[in-house]
1. Only one residue in 278, 332, 283, 287 is modelled with pLDDT under 75 and under 20 Å from residue 197 (Cβ atoms). Which one?
2. So residue 106 passes all but one of these: (1) part of a loop (DSSP other than H, G, I, E, B); (2) free of Cβ contacts under 8 Å to residues at least 40 places away in the same chain. Which condition number does it fail?
3. Keeping to the stretch 35-64, report how many residues are part of a helix (DSSP H, G or I), without any contact (Cβ under 8 Å) to a residue 24 or more places away in the chain and loosely packed, with under 14 Cβ neighbours inside 10 Å.
4. Are any of the residues in the stretch 221-243 at pLDDT below 95, surrounded by 14 or more Cβ atoms within 10 Å (Cβ to Cβ), in the same structural domain as residue 281 (by TED's automatic domain parsing) and under 22 Å from residue 352 (Cβ atoms)?
5. What is the residue count in the stretch 84-131 for residues that are surrounded by 21 or more Cβ atoms within 10 Å (Cβ to Cβ) and more than 17 Å from residue 148 (Cα to Cα)?
6. Can you pull out the residues in the stretch 24-53 that are modelled with pLDDT of 90 or more and touching a helix residue (DSSP H, G or I) at 6+ places or on another chain (Cβ under 8 Å)?
7. Which residues, taken from the stretch 115-129, are in a helix (DSSP H, G or I) and farther than 12 Å from residue 86 by Cα?
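The values are calculated or read from the model by the stated rules, or taken from the named source; none is laboratory data. Keep in mind the model is a prediction, meaning the values are calculated, not measured. As a convention, Cβ positions derive from the backbone with ideal geometry for all residues, glycine included, and neighbour counts pool all protein chains shown.
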């Protein structure tokens with residue numbers, strides 16, 4: 001057996017995350033747990049408010065909307081589990097074998113009701129605890145419901161009142177990164193069509209262009225997370241305009257990703273050494289450079305907080321000031337050149353529209 005497969009580093013990668021939750025969320029979770037303990041302990045007449053603390057910890061989520069969802073799932077799971085345990089105990093009595101029976105019924109019930117993972121797991125846990133301890137502890141079932149609801153409400157309140165989280169910075173960075181990379185690919189295409197390149201260089205350019213697709217997906221996922229973080233968030237009015245700017249930019253960039261990737265594919269497939277001698281190619285190269293310039297200018301003018309343009313923009317005026325004139329190439333490369341011209345025309349329209357949009 002390969003020793004590398006048993007290395008501690010390999011197992012560490014399985015249990016350690018590449019990122020960590022914000023420290024503020026750790027503080028808020030701690031506050032929620034402490035408050036839940038302090039509030040529910042007097043209500044339980046000496047019993048440990050374990051369910052309240054667990055509920056408070058689980059409910060503090062990266063967004064207020066997720067906190068509401070977790071609170072609802074937790075409460076529903078506990079209530080159904082307690083009711084199920086009561087009914088099973090009423091039907092089958094107090095024998096010990098009813099505990100695994102109740103667990104199986106609880107799991108099947110969660111599946112039949114199409115409940116989420118939190119509720120589906122909470123139902124058998126609550127049923128098992130009630131059947132195991134509730135029979136000897138007066139009011140145990142009611143106390144579990146009470147403390148779970150109180151703990152969940154405290155978790156929601158803490159997440160809502162103490163710096164409600166907004167996940168907008170990842171959106172700004174992902175959108176700006178996608179725009180910068182699109183500009184870099186356009187520059188690479190311009191270099192490929194203006195100076196002799198090797199097949200390996202052109203293949204590397206195509207690989208970089210294809211990486212735009214997962215970058216677009218990552219930006220879209222960040223945008224979705226940002227939109228979710230503003231739901232039920234009292235700070236949403238402050239950040240809504242910025243998120244709309246991100247959404248408009250991403251819509252434009254998504255179209256450009258398709259165009260630029262196709263252009264890179266076409267250049268790699270139809271490239272030959274005589275292509276650089278075509279008179280029309282120099283015009284295409286200039287248009288690509290202007291498009292790259294204006295694309296970075298659009299990202300820069302969007303003023304996304306914390307999102308920087310990785311390459312300096314030499315001029316703050318748009319370079320695509322005139323409509324692109326699409327001429328019919330009269331050469332053996334007419335298929336590739338016509339394809340590039342049409343894609344450039346559409347890229348031109350998207351960037352000019354974004355440049356002219358009011359800010």
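1. Of the residues listed, the single one that is modelled with pLDDT under 75 and under 20 Å from residue 197 (Cβ atoms) is 332.
2. (1)
3. So the answer is 2.
4. Within the stretch 221-243 (the criterion being at pLDDT below 95, surrounded by 14 or more Cβ atoms within 10 Å (Cβ to Cβ), in the same structural domain as residue 281 (by TED's automatic domain parsing) and under 22 Å from residue 352 (Cβ atoms)), the answer is no, since none of the residues qualifies.
5. Of the residues in that region, 4 qualify.
6. The answer is 28, 29, 31, 32, 33, 35, 36, 37, 39, 40, 52, 53.
7. 117, 118, 119, 120, 121, 122, 123, 124, 125
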